[in-house]
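Undergrad: The structure's right below; bear with me while I get my questions together.
The values are calculated or read from the model by the stated rules, or taken from the named source; none is laboratory data. Remember, it's a predicted structure, so these values are computed and weren't measured experimentally. Cβ placement follows ideal geometry from the backbone for every residue including glycine, while neighbour counts extend to all protein chains displayed. Protein only, heavy atoms only, side chains kept; ligands, DNA and RNA dropped before computing areas. Shrake-Rupley method; radii C 1.70, N 1.55, O 1.52, S 1.80 Å.
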Amino acid sequence: MREVLSERLKECRREKGYTQNQVAIYCDITEKTYQNYELMTREPKIEILIRIANLFDTTIDYLVGRTNEKKNG
């Protein structure tokens, strides 16, 4: 799961045109913490994962690799 999460975080962030710092600010975490998610050195808590999914307009299931559909329905 961690590798998929890492790759999908990078993919979604780049698609939206956000910097790591912009995502971190939105999630109320440090930029270093967000960088660690993309580098697979840390996993986000569920409340942060929810914020990230909302920001990227996708589902948690997509981010963690449970589905390849970015949105429900």
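Undergrad: Can you list the equivalent-ellipsoid semi-axes of the chain, largest first and in whole Å, using the square root of 5 times each Cα gyration tensor eigenvalue? Intermediate values should be presented prior to the final figure.
TA: Numbers: eigenvalues 60, 35, 24 Å².
Taking √(5λ) for each eigenvalue gives 17, 13, 11 Å, largest first.
Undergrad: To the nearest 0.05, what FRET efficiency results for GLU43 and TYR18 with a Förster distance of 30 Å applied to their C-beta separation?
TA: On the way: r = 20 Å, r/R0 = 0.66.
After rounding, the FRET efficiency stands at 0.90.
Undergrad: While we're on this one: Would you calculate the separation in nanometres between label points at THR59 and ASN72, each defined as 7 Å from the Cα along the Cα-to-beta-carbon direction?
TA: 0.7 nm
Undergrad: Shifting gears a bit: Pop out the carbon and sulfur fraction of the accessible area of the chain as a percent, whole number, probe 1.4 Å.
TA: 44 percent
Undergrad: Please calculate the 1.4 Å probe accessible area of MET1, with all protein chains present, and give it to the nearest 10 Å².
TA: Roll a 1.4 Å probe over it and MET1 shows about 120 Å².
Undergrad: Mind checking the dipole of the chain: about its Cα centre, +1 per Lys or Arg Cβ, -1 per Asp or Glu Cβ, Debye to the nearest 20? Please report the intermediate quantities before stating the final value.
TA: Numbers: 13 positive and 12 negative charges, 8 e Å.
Charge dipole of the chain: 40 debye, to the nearest 20.
Undergrad: Shifting gears a bit: Can you tally the net charge around GLY65? Count Lys and Arg as +1, Asp and Glu as -1, for every other residue whose Cβ sits under 11 Å from the Cβ of GLY65. Don't skip to the answer; put the middle values down first.
TA: Values: positive: ARG2, ARG8, ARG66; negative: GLU3, GLU7, ASP61.
Surrounding charge for GLY65 is 0.
Undergrad: List the trypsin sites (Lys or Arg not before Pro) in the chain that DSSP assigns to loop (not H, G, I, E or B) and whose Cβ has at most 14 other Cβ atoms within 10 Å. Which are they? The partial results should precede the final answer.
TA: Details: sites: ARG2, ARG8, LYS10, ARG13, ARG14, LYS16, LYS32, ARG42, LYS45, ARG51, ARG66, LYS70, LYS71; in loops: ARG42, LYS45, ARG66, LYS70, LYS71.
Qualifying residues, ordered by number: ARG42, LYS45, ARG66, LYS71.
Undergrad: Explain nothing, just compute: Karplus ³J(HN,Hα) = 6.51 cos²θ - 1.76 cosθ + 1.60, θ = phi - 60°, for every residue of the stretch 31-45 in order, whole Hz, x for Gly and Pro.
TA: In residue order, the calculated couplings are 4, 4, 4, 5, 4, 4, 5, 6, 8, 6, 8, 8, 10, x, 5 Hz.
Undergrad: Another question about this same structure. For the chain, what is the accessible area per residue in Å² when the probe is 1.4 Å? Display every interim value, and only then the final one.
TA: On the way: 4590 Å² over 73 residues.
For the chain, the per-residue accessible area is 63 Å².
Undergrad: With axes computed from alpha carbons, what is the tilt in degrees of helix 46-56 against the longest principal axis of the chain, rounded to the nearest 10 within 0 to 90?
TA: That works out to roughly 80 degrees.
Undergrad: If you don't mind, there's one more thing I want to ask. Quote the relative contact order of the chain in percent (integer), defining contacts as alpha-carbon pairs under 8 Å separated by 6+ residues. Before the final figure, lay out the partial values.
TA: Numbers: 73 pairs, mean separation 25.3, N = 73.
Normalised by residue count, the contact order of the chain is 35 percent.
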